[in-house]
Amino acid sequence: MKAINPATDELIKEYEEHTEDEVTQIIGQVHEEQVKWRETSFAHRSGLMHKAAAVLRENVDSYARTMSLEMGKTITEARAEVEKSAWVCEYYADNAEKFLADEIIETDASRSFVAYEPMGIVLAVMPWNFPFWQVFRFAAPALMAGNAGILKHASNVPGSALAIEEVFHEAGFPKDIFRTLLISARKVENIIKNPLVKAVTLTGSEPAGMQVAATAGRELKKTVLELGGSDPFIVLEDADLPACVLTSVKARMINAGQSCIAAKRFIVVEPLVKQFEEQQTQIMSNLKVGDPLDENTKVGPMARLDLLEELHEQVVKSIAMGARLLCGGKKLEGPGAFYLPTVLADVKKGMPAYDEETFGPVSAIIPVKDTEEAIFVANDSEFGLGGSVWSRDVKKAEAVARRIETGAVFINGLTKSDPRLPFGGVKKSGYGRELSHFGIREFVNVKSIWIA
(Lines give C-alpha, C1' and ligand atoms only; values in the text may rest on other atoms or scores of the structure.)
Protein backbone atom coordinates (compact mmCIF):
# COMPACT_ATOMS: atom_id res chain seq x y z
CA MET A 1 0.00 0.00 0.00
CA LYS A 2 1.68 3.20 -1.20
CA ALA A 3 1.18 6.82 -0.21
CA ILE A 4 2.08 9.07 -3.17
CA ASN A 5 2.44 12.85 -2.90
CA PRO A 6 0.05 14.22 -5.57
CA ALA A 7 1.94 17.52 -5.69
CA THR A 8 5.27 15.90 -6.66
CA ASP A 9 4.39 12.34 -7.77
CA GLU A 10 6.94 11.12 -5.22
CA LEU A 11 6.55 8.09 -2.94
CA ILE A 12 6.00 9.12 0.67
CA LYS A 13 5.96 5.69 2.27
CA GLU A 14 4.96 2.08 1.68
CA TYR A 15 2.79 0.20 4.17
CA GLU A 16 2.35 -3.52 4.64
CA GLU A 17 -1.24 -4.67 4.26
CA HIS A 18 -2.83 -6.71 7.01
CA THR A 19 -3.15 -10.41 6.20
CA GLU A 20 -6.49 -12.21 6.41
CA ASP A 21 -5.41 -13.84 9.68
CA GLU A 22 -4.43 -10.45 11.11
CA VAL A 23 -7.78 -8.98 10.08
CA THR A 24 -9.69 -11.81 11.75
CA GLN A 25 -7.59 -11.43 14.89
CA ILE A 26 -8.15 -7.66 15.04
CA ILE A 27 -11.92 -8.02 14.64
CA GLY A 28 -11.95 -10.57 17.46
CA GLN A 29 -9.98 -8.25 19.72
CA VAL A 30 -12.27 -5.32 18.93
CA HIS A 31 -15.32 -7.44 19.72
CA GLU A 32 -13.92 -8.43 23.12
CA GLU A 33 -13.20 -4.81 23.93
CA GLN A 34 -16.63 -3.60 22.81
CA VAL A 35 -18.38 -6.04 25.18
CA LYS A 36 -16.62 -4.26 28.04
CA TRP A 37 -16.86 -0.78 26.54
CA ARG A 38 -20.64 -0.84 26.27
CA GLU A 39 -20.85 -1.14 30.07
CA THR A 40 -18.84 2.04 30.69
CA SER A 41 -20.60 5.24 31.72
CA PHE A 42 -21.24 8.22 29.50
CA ALA A 43 -19.13 10.28 31.88
CA HIS A 44 -16.15 7.97 31.33
CA ARG A 45 -16.53 8.02 27.55
CA SER A 46 -17.00 11.78 27.57
CA GLY A 47 -13.77 12.36 29.45
CA LEU A 48 -11.81 10.30 26.92
CA MET A 49 -13.49 11.98 23.96
CA HIS A 50 -12.57 15.41 25.33
CA LYS A 51 -8.98 14.16 25.58
CA ALA A 52 -9.16 13.07 21.93
CA ALA A 53 -10.11 16.62 21.00
CA ALA A 54 -7.14 17.91 22.98
CA VAL A 55 -4.76 15.46 21.26
CA LEU A 56 -5.99 16.66 17.87
CA ARG A 57 -5.34 20.29 18.74
CA GLU A 58 -1.95 19.58 20.30
CA ASN A 59 -0.79 17.85 17.12
CA VAL A 60 -2.62 19.98 14.57
CA ASP A 61 0.47 20.82 12.50
CA SER A 62 1.63 17.21 12.28
CA TYR A 63 -1.79 15.84 11.31
CA ALA A 64 -2.40 18.66 8.83
CA ARG A 65 0.95 18.00 7.14
CA THR A 66 0.12 14.30 6.82
CA MET A 67 -3.12 15.15 5.01
CA SER A 68 -1.44 17.69 2.74
CA LEU A 69 1.31 15.28 1.73
CA GLU A 70 -0.98 12.30 1.15
CA MET A 71 -3.89 13.85 -0.75
CA GLY A 72 -2.90 17.42 -1.57
CA LYS A 73 -5.16 19.46 0.72
CA THR A 74 -3.80 22.94 1.33
CA ILE A 75 -2.17 23.25 4.74
CA THR A 76 -4.63 25.93 5.85
CA GLU A 77 -7.61 23.73 4.95
CA ALA A 78 -5.94 20.76 6.62
CA ARG A 79 -5.52 22.62 9.90
CA ALA A 80 -9.16 23.66 9.75
CA GLU A 81 -10.13 20.02 9.22
CA VAL A 82 -8.24 18.94 12.35
CA GLU A 83 -10.00 21.66 14.34
CA LYS A 84 -13.40 20.59 13.00
CA SER A 85 -12.62 16.99 13.99
CA ALA A 86 -11.86 18.19 17.52
CA TRP A 87 -15.18 20.07 17.52
CA VAL A 88 -17.20 16.97 16.66
CA CYS A 89 -15.45 15.04 19.43
CA GLU A 90 -16.42 17.71 21.95
CA TYR A 91 -19.95 17.96 20.59
CA TYR A 92 -20.69 14.29 21.18
CA ALA A 93 -18.76 14.21 24.45
CA ASP A 94 -21.14 16.90 25.71
CA ASN A 95 -24.40 15.69 24.13
CA ALA A 96 -24.36 11.91 23.67
CA GLU A 97 -25.89 11.10 27.04
CA LYS A 98 -28.79 13.48 26.37
CA PHE A 99 -29.31 12.13 22.84
CA LEU A 100 -29.44 8.53 24.07
CA ALA A 101 -31.35 9.01 27.31
CA ASP A 102 -34.33 6.73 27.88
CA GLU A 103 -37.48 8.20 26.35
CA ILE A 104 -40.65 7.72 28.40
CA ILE A 105 -43.71 6.77 26.33
CA GLU A 106 -47.19 6.77 27.88
CA THR A 107 -49.00 3.45 27.22
CA ASP A 108 -51.20 1.01 29.14
CA ALA A 109 -48.11 -0.11 31.08
CA SER A 110 -47.20 1.12 34.53
CA ARG A 111 -44.04 2.30 32.83
CA SER A 112 -42.82 2.05 29.23
CA PHE A 113 -39.90 3.65 27.51
CA VAL A 114 -37.52 3.52 24.59
CA ALA A 115 -33.88 2.66 25.30
CA TYR A 116 -31.01 3.26 22.91
CA GLU A 117 -28.40 0.52 23.14
CA PRO A 118 -25.13 -0.03 21.24
CA MET A 119 -25.07 -2.46 18.32
CA GLY A 120 -21.45 -3.63 18.52
CA ILE A 121 -18.74 -3.25 15.89
CA VAL A 122 -19.38 -0.75 13.12
CA LEU A 123 -17.21 -0.93 10.00
CA ALA A 124 -16.40 2.48 8.48
CA VAL A 125 -15.33 2.61 4.83
CA MET A 126 -14.01 6.12 4.39
CA PRO A 127 -12.72 8.32 1.50
CA TRP A 128 -9.54 10.28 0.99
CA ASN A 129 -10.97 13.76 0.40
CA PHE A 130 -11.50 14.67 4.07
CA PRO A 131 -9.32 12.00 5.66
CA PHE A 132 -9.77 13.14 9.26
CA TRP A 133 -13.21 14.79 9.32
CA GLN A 134 -15.08 11.97 7.58
CA VAL A 135 -13.72 9.48 10.12
CA PHE A 136 -14.26 11.52 13.25
CA ARG A 137 -17.84 12.43 12.35
CA PHE A 138 -18.48 8.68 12.41
CA ALA A 139 -16.18 7.66 15.24
CA ALA A 140 -17.15 10.27 17.84
CA PRO A 141 -20.87 9.34 17.97
CA ALA A 142 -20.21 5.62 17.46
CA LEU A 143 -17.81 5.35 20.40
CA MET A 144 -19.93 7.60 22.62
CA ALA A 145 -22.91 5.31 21.93
CA GLY A 146 -20.93 2.33 23.22
CA ASN A 147 -20.02 0.84 19.87
CA ALA A 148 -16.57 -0.04 18.59
CA GLY A 149 -15.12 1.11 15.28
CA ILE A 150 -13.11 -0.57 12.56
CA LEU A 151 -11.74 1.74 9.88
CA LYS A 152 -11.04 0.78 6.28
CA HIS A 153 -9.66 4.04 4.95
CA ALA A 154 -8.89 4.94 1.34
CA SER A 155 -5.72 3.24 0.13
CA ASN A 156 -3.93 6.51 -0.68
CA VAL A 157 -4.14 7.89 2.91
CA PRO A 158 -2.77 5.10 5.15
CA GLY A 159 -0.74 7.59 7.18
CA SER A 160 -3.88 9.52 8.05
CA ALA A 161 -5.67 6.29 8.98
CA LEU A 162 -2.94 5.27 11.41
CA ALA A 163 -2.71 8.79 12.82
CA ILE A 164 -6.43 8.69 13.69
CA GLU A 165 -5.97 5.39 15.50
CA GLU A 166 -3.08 7.04 17.34
CA VAL A 167 -5.33 9.93 18.45
CA PHE A 168 -7.64 7.56 20.30
CA HIS A 169 -4.76 5.63 21.85
CA GLU A 170 -3.07 8.82 23.09
CA ALA A 171 -6.38 10.02 24.52
CA GLY A 172 -6.55 6.88 26.68
CA PHE A 173 -9.22 4.87 24.87
CA PRO A 174 -8.82 1.09 25.11
CA LYS A 175 -6.37 -0.11 22.46
CA ASP A 176 -8.88 -2.22 20.58
CA ILE A 177 -12.01 -0.05 20.68
CA PHE A 178 -11.00 1.65 17.43
CA ARG A 179 -8.69 -0.05 14.94
CA THR A 180 -7.47 0.64 11.44
CA LEU A 181 -7.27 -2.11 8.84
CA LEU A 182 -4.73 -1.62 6.08
CA ILE A 183 -6.47 -3.60 3.37
CA SER A 184 -7.58 -3.24 -0.24
CA ALA A 185 -11.18 -2.55 -1.21
CA ARG A 186 -11.70 -6.09 -2.48
CA LYS A 187 -11.37 -7.41 1.09
CA VAL A 188 -14.23 -5.31 2.47
CA GLU A 189 -16.88 -7.87 1.46
CA ASN A 190 -15.50 -10.54 3.79
CA ILE A 191 -15.33 -8.08 6.69
CA ILE A 192 -18.99 -7.18 6.22
CA LYS A 193 -19.80 -10.89 6.29
CA ASN A 194 -17.96 -11.39 9.58
CA PRO A 195 -20.68 -12.12 12.18
CA LEU A 196 -18.96 -9.89 14.74
CA VAL A 197 -19.43 -6.84 12.50
CA LYS A 198 -22.96 -5.51 13.05
CA ALA A 199 -23.23 -2.49 10.72
CA VAL A 200 -21.45 -0.54 8.01
CA THR A 201 -21.11 3.14 7.19
CA LEU A 202 -19.59 4.32 3.93
CA THR A 203 -18.71 7.69 2.51
CA GLY A 204 -17.60 7.42 -1.09
CA SER A 205 -18.62 6.89 -4.66
CA GLU A 206 -21.94 5.59 -5.92
CA PRO A 207 -20.44 2.27 -7.20
CA ALA A 208 -18.70 1.66 -3.86
CA GLY A 209 -21.94 2.39 -2.01
CA MET A 210 -23.90 -0.03 -4.19
CA GLN A 211 -21.39 -2.81 -3.56
CA VAL A 212 -21.34 -2.29 0.19
CA ALA A 213 -25.14 -2.01 0.38
CA ALA A 214 -25.59 -5.19 -1.66
CA THR A 215 -23.27 -7.20 0.58
CA ALA A 216 -24.72 -5.77 3.78
CA GLY A 217 -28.24 -6.37 2.47
CA ARG A 218 -27.54 -10.03 1.91
CA GLU A 219 -26.22 -10.19 5.48
CA LEU A 220 -29.18 -8.15 6.81
CA LYS A 221 -26.89 -5.56 8.35
CA LYS A 222 -27.64 -1.88 8.84
CA THR A 223 -25.92 0.59 6.51
CA VAL A 224 -25.57 4.35 6.22
CA LEU A 225 -24.34 5.64 2.86
CA GLU A 226 -23.11 9.16 2.08
CA LEU A 227 -22.32 9.15 -1.63
CA GLY A 228 -21.72 11.63 -4.42
CA GLY A 229 -23.36 14.95 -5.04
CA SER A 230 -23.88 17.48 -7.81
CA ASP A 231 -25.10 20.31 -5.65
CA PRO A 232 -27.18 23.08 -7.25
CA PHE A 233 -26.25 26.67 -6.45
CA ILE A 234 -29.33 28.70 -7.42
CA VAL A 235 -28.91 32.42 -8.10
CA LEU A 236 -32.26 34.24 -8.33
CA GLU A 237 -32.75 37.66 -9.88
CA ASP A 238 -32.67 39.53 -6.54
CA ALA A 239 -29.52 37.86 -5.21
CA ASP A 240 -26.75 39.90 -3.59
CA LEU A 241 -24.44 39.23 -6.51
CA PRO A 242 -21.03 40.26 -5.04
CA ALA A 243 -21.54 38.12 -1.93
CA CYS A 244 -23.04 35.35 -4.01
CA VAL A 245 -20.09 35.20 -6.42
CA LEU A 246 -17.48 35.22 -3.65
CA THR A 247 -19.24 32.36 -1.90
CA SER A 248 -19.69 30.51 -5.20
CA VAL A 249 -15.92 30.36 -5.69
CA LYS A 250 -15.31 29.17 -2.15
CA ALA A 251 -18.13 26.66 -2.43
CA ARG A 252 -16.70 25.22 -5.65
CA MET A 253 -12.98 25.33 -4.77
CA ILE A 254 -12.91 23.88 -1.26
CA ASN A 255 -10.45 20.99 -1.27
CA ALA A 256 -9.60 21.71 -4.94
CA GLY A 257 -13.25 21.03 -5.74
CA GLN A 258 -13.04 17.50 -4.34
CA SER A 259 -15.97 17.64 -1.96
CA CYS A 260 -19.28 15.81 -2.12
CA ILE A 261 -21.14 18.95 -1.01
CA ALA A 262 -19.17 21.40 -3.13
CA ALA A 263 -21.41 23.57 -5.31
CA LYS A 264 -21.08 22.08 -8.79
CA ARG A 265 -24.01 23.34 -10.89
CA PHE A 266 -24.44 27.12 -10.83
CA ILE A 267 -28.02 27.72 -11.92
CA VAL A 268 -28.36 31.43 -12.70
CA VAL A 269 -31.43 33.35 -13.92
CA GLU A 270 -30.80 35.06 -17.25
CA PRO A 271 -30.72 38.71 -16.10
CA LEU A 272 -27.65 37.92 -13.94
CA VAL A 273 -25.88 35.30 -16.05
CA LYS A 274 -23.46 37.61 -17.84
CA GLN A 275 -22.37 39.38 -14.65
CA PHE A 276 -22.07 36.09 -12.77
CA GLU A 277 -19.90 34.58 -15.52
CA GLU A 278 -17.57 37.57 -15.63
CA GLN A 279 -17.17 37.95 -11.87
CA GLN A 280 -16.72 34.26 -11.11
CA THR A 281 -14.23 33.82 -13.95
CA GLN A 282 -12.17 36.78 -12.79
CA ILE A 283 -11.80 35.36 -9.28
CA MET A 284 -11.29 31.75 -10.37
CA SER A 285 -8.59 32.61 -12.90
CA ASN A 286 -6.58 34.49 -10.27
CA LEU A 287 -6.51 31.77 -7.59
CA LYS A 288 -3.00 30.65 -6.73
CA VAL A 289 -2.45 27.01 -7.67
CA GLY A 290 0.58 25.22 -6.27
CA ASP A 291 2.37 23.62 -3.35
CA PRO A 292 -0.26 22.72 -0.72
CA LEU A 293 2.31 23.32 2.05
CA ASP A 294 2.65 26.97 0.98
CA GLU A 295 0.48 29.13 3.25
CA ASN A 296 -0.48 31.33 0.27
CA THR A 297 -1.72 28.52 -1.96
CA LYS A 298 -5.45 28.55 -2.56
CA VAL A 299 -5.75 25.45 -4.76
CA GLY A 300 -3.65 22.34 -4.26
CA PRO A 301 -3.38 19.31 -6.50
CA MET A 302 -6.09 16.77 -7.09
CA ALA A 303 -5.56 13.60 -5.10
CA ARG A 304 -4.48 11.39 -8.01
CA LEU A 305 -3.57 11.76 -11.68
CA ASP A 306 -6.27 9.31 -12.79
CA LEU A 307 -8.89 11.52 -11.13
CA LEU A 308 -7.52 14.53 -12.97
CA GLU A 309 -7.72 12.68 -16.28
CA GLU A 310 -11.35 11.69 -15.64
CA LEU A 311 -12.24 15.29 -14.83
CA HIS A 312 -10.46 16.63 -17.91
CA GLU A 313 -12.37 14.18 -20.10
CA GLN A 314 -15.65 15.53 -18.69
CA VAL A 315 -14.53 19.08 -19.49
CA VAL A 316 -13.41 18.22 -23.03
CA LYS A 317 -16.65 16.38 -23.80
CA SER A 318 -18.77 19.23 -22.44
CA ILE A 319 -16.91 21.76 -24.60
CA ALA A 320 -17.31 19.54 -27.65
CA MET A 321 -21.07 19.54 -26.97
CA GLY A 322 -21.31 23.33 -26.85
CA ALA A 323 -20.15 24.53 -23.44
CA ARG A 324 -18.00 27.69 -23.48
CA LEU A 325 -14.64 27.54 -21.71
CA LEU A 326 -14.12 30.80 -19.80
CA CYS A 327 -10.88 29.86 -18.01
CA GLY A 328 -8.72 26.87 -17.15
CA GLY A 329 -9.55 23.59 -18.79
CA LYS A 330 -6.09 22.05 -18.60
CA LYS A 331 -3.46 20.51 -16.37
CA LEU A 332 -0.77 22.75 -14.92
CA GLU A 333 2.56 22.03 -16.59
CA GLY A 334 5.11 20.04 -14.61
CA PRO A 335 4.83 17.27 -12.01
CA GLY A 336 1.80 16.73 -9.82
CA ALA A 337 -1.94 16.40 -10.35
CA PHE A 338 -2.67 20.13 -10.65
CA TYR A 339 -5.73 21.17 -12.66
CA LEU A 340 -6.34 24.84 -13.32
CA PRO A 341 -9.56 26.35 -11.90
CA THR A 342 -12.06 26.02 -14.73
CA VAL A 343 -15.32 27.77 -15.59
CA LEU A 344 -17.74 26.37 -18.17
CA ALA A 345 -20.68 28.48 -19.38
CA ASP A 346 -23.80 27.57 -21.38
CA VAL A 347 -23.88 24.13 -19.81
CA LYS A 348 -26.92 22.11 -20.87
CA LYS A 349 -28.55 18.78 -20.22
CA GLY A 350 -26.70 15.92 -21.91
CA MET A 351 -23.27 17.36 -21.17
CA PRO A 352 -21.09 15.60 -18.56
CA ALA A 353 -20.82 18.89 -16.65
CA TYR A 354 -24.63 18.87 -16.28
CA ASP A 355 -25.42 15.18 -15.83
CA GLU A 356 -22.41 13.88 -13.91
CA GLU A 357 -20.60 14.77 -10.70
CA THR A 358 -17.46 16.77 -11.52
CA PHE A 359 -15.10 16.00 -8.66
CA GLY A 360 -12.52 18.73 -9.08
CA PRO A 361 -12.03 22.48 -9.67
CA VAL A 362 -14.62 22.91 -12.42
CA SER A 363 -17.60 25.27 -12.30
CA ALA A 364 -20.60 24.63 -14.57
CA ILE A 365 -22.84 27.67 -15.17
CA ILE A 366 -26.37 26.81 -16.33
CA PRO A 367 -28.58 29.71 -17.48
CA VAL A 368 -32.33 29.53 -16.75
CA LYS A 369 -35.27 31.81 -17.54
CA ASP A 370 -36.87 32.06 -14.11
CA THR A 371 -37.32 30.57 -10.64
CA GLU A 372 -39.50 27.68 -11.83
CA GLU A 373 -36.92 26.57 -14.36
CA ALA A 374 -34.19 26.93 -11.71
CA ILE A 375 -36.08 24.51 -9.44
CA PHE A 376 -36.61 22.08 -12.32
CA VAL A 377 -32.92 22.10 -13.26
CA ALA A 378 -31.83 21.75 -9.64
CA ASN A 379 -33.96 18.62 -9.29
CA ASP A 380 -33.00 17.30 -12.73
CA SER A 381 -30.20 15.21 -11.26
CA GLU A 382 -29.80 11.68 -9.96
CA PHE A 383 -28.01 13.17 -6.93
CA GLY A 384 -29.56 14.89 -3.93
CA LEU A 385 -27.01 15.77 -1.27
CA GLY A 386 -26.91 19.53 -0.67
CA GLY A 387 -27.61 22.83 -2.33
CA SER A 388 -28.00 26.56 -1.85
CA VAL A 389 -30.40 29.33 -2.86
CA TRP A 390 -29.48 33.00 -3.19
CA SER A 391 -32.10 35.75 -2.88
CA ARG A 392 -32.67 38.88 -0.81
CA ASP A 393 -36.27 37.70 -0.34
CA VAL A 394 -35.72 35.10 2.39
CA LYS A 395 -39.34 33.89 2.36
CA LYS A 396 -39.16 33.24 -1.35
CA ALA A 397 -35.80 31.50 -0.95
CA GLU A 398 -37.21 29.29 1.80
CA ALA A 399 -40.14 28.32 -0.42
CA VAL A 400 -37.67 27.37 -3.15
CA ALA A 401 -35.49 25.46 -0.67
CA ARG A 402 -38.44 23.32 0.40
CA ARG A 403 -38.91 22.21 -3.21
CA ILE A 404 -35.29 21.21 -3.79
CA GLU A 405 -34.78 17.43 -3.61
CA THR A 406 -31.72 17.25 -1.39
CA GLY A 407 -30.79 16.38 2.18
CA ALA A 408 -29.86 20.00 2.92
CA VAL A 409 -30.32 23.47 1.47
CA PHE A 410 -28.50 26.59 2.65
CA ILE A 411 -30.00 30.01 1.96
CA ASN A 412 -27.53 32.81 1.22
CA GLY A 413 -24.69 30.77 2.63
CA LEU A 414 -22.10 28.08 1.99
CA THR A 415 -23.35 24.48 2.12
CA LYS A 416 -21.40 22.71 4.86
CA SER A 417 -21.59 19.93 7.40
CA ASP A 418 -22.15 20.92 11.01
CA PRO A 419 -22.21 18.57 14.03
CA ARG A 420 -25.46 20.20 15.19
CA LEU A 421 -27.36 19.42 11.96
CA PRO A 422 -28.15 16.07 10.33
CA PHE A 423 -26.10 15.36 7.23
CA GLY A 424 -26.92 13.03 4.34
CA GLY A 425 -28.68 12.78 1.02
CA VAL A 426 -31.51 11.36 -1.03
CA LYS A 427 -31.68 9.67 -4.43
CA LYS A 428 -28.25 8.39 -5.49
CA SER A 429 -26.52 10.51 -2.86
CA GLY A 430 -27.28 7.78 -0.34
CA TYR A 431 -29.44 7.27 2.72
CA GLY A 432 -29.27 7.57 6.47
CA ARG A 433 -27.93 10.54 8.39
CA GLU A 434 -24.72 11.49 10.15
CA LEU A 435 -24.23 14.14 12.86
CA SER A 436 -26.71 15.67 15.34
CA HIS A 437 -28.93 13.33 17.38
CA PHE A 438 -30.06 11.67 14.15
CA GLY A 439 -26.54 10.47 13.43
CA ILE A 440 -25.80 8.91 16.81
CA ARG A 441 -29.10 7.01 16.68
CA GLU A 442 -28.32 5.34 13.34
CA PHE A 443 -26.16 2.66 14.98
CA VAL A 444 -28.09 1.81 18.11
CA ASN A 445 -30.78 -0.72 18.92
CA VAL A 446 -33.95 1.30 19.50
CA LYS A 447 -35.50 -0.94 22.12
CA SER A 448 -38.99 -0.69 23.58
CA ILE A 449 -39.30 -1.76 27.23
CA TRP A 450 -42.80 -2.28 28.70
CA ILE A 451 -43.45 -2.90 32.38
CA ALA A 452 -46.78 -4.21 33.70
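Structure notes:
- For the range 299-318, a tally of residues being more than 26 Å from residue 2 (Cα to Cα), out of contact with any strand residue (DSSP E or B) (no Cβ under 7 Å at 6 or more places or on another chain) and buried (at least 19 other Cβ atoms within 10 Å of the Cβ) returns 1.
- Checklist (1) without any contact (Cβ under 8 Å) to a residue 24 or more places away in the chain; (2) touching a strand residue (DSSP E or B) at 6+ places or on another chain (Cβ under 6 Å); (3) among the aromatic types (Phe, Trp, Tyr) applied to residue 376, failing item: (2)
- If you check 165, 97, 106 for being free of Cβ contacts under 8 Å to residues at least 60 places away in the same chain, part of a loop (DSSP other than H, G, I, E, B) and in contact with a Ser or Thr (Cβ under 9 Å, 6 or more places away or on another chain), only one passes: 106.
- Selected residue [more than 19 Å from residue 324 (Cα to Cα) and either touching a helix residue (DSSP H, G or I) at 6+ places or on another chain (Cβ under 7 Å) or outside any helix (DSSP H, G or I) (or both)] from 248, 259: 259
- Filtering the range 328-339 to residues that are surrounded by 18 or more Cβ atoms within 10 Å (Cβ to Cβ) and either of a type in the set (Gly, Ala, Ser) or within 10 Å of residue 362 (Cα to Cα) (or both) leaves 328, 329, 336, 337, 339.
- Candidates 141, 127 - the one that is surrounded by fewer than 24 Cβ atoms within 10 Å (Cβ to Cβ), more than 16 Å from residue 13 (Cβ to Cβ), in the same structural domain as residue 54 (by TED's automatic domain parsing) and out of contact with any Pro (no Cβ under 6 Å at 6 or more places or on another chain): 127
To keep it simple, each residue is scored yes or no on (1) touching a helix residue (DSSP H, G or I) at 6+ places or on another chain (Cβ under 6 Å); (2) more than 24 Å from residue 211 (Cα to Cα); (3) polar (S, T, N, Q).
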position	(1), (2), (3)
399	no, yes, no
403	yes, yes, no
413	no, yes, no
422	yes, yes, no
425	no, no, no
433	yes, no, no
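One line per residue, one yes/no per condition, for (1) outside the structural domain of residue 100 (by TED's automatic domain parsing); (2) buried (at least 21 other Cβ atoms within 10 Å of the Cβ):
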{"residue": "392", "(1), (2)": "yes, no"}
{"residue": "408", "(1), (2)": "yes, yes"}
{"residue": "423", "(1), (2)": "yes, yes"}
{"residue": "433", "(1), (2)": "no, no"}
{"residue": "438", "(1), (2)": "no, no"}
{"residue": "443", "(1), (2)": "no, yes"}
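- Helices (runs of 4 or more DSSP H) enclosed by the range 1-85 - at least 3 residues per element that are of a type in the set (Val, Ile, Thr) and either at pLDDT 95 or above or surrounded by fewer than 16 Cβ atoms within 10 Å (Cβ to Cβ) (or both): 20-37
- Only one of the listed residues (284, 321) is modelled with pLDDT of 95 or more and buried (at least 17 other Cβ atoms within 10 Å of the Cβ). That residue is 284.
- Residue pairs whose Cβ atoms lie under 6 Å apart, separated by 6 or more positions or on different chains, with the first residue in the range 281-293 and in contact (Cβ under 8 Å) with a residue 12 or more places away in the chain and the second part of a strand (DSSP E or B), are 281/326; 281/327; 281/343; 284/327; 284/343; 285/327; 287/299; 289/299.
The values are calculated or read from the model by the stated rules, or taken from the named source; none is laboratory data. Quick caveat: nothing in here was measured; it's all calculated off a predicted structure. Heads up, the Cβs are rebuilt from the backbone with ideal geometry, glycines too, and the neighbour counts pull from every protein chain shown.
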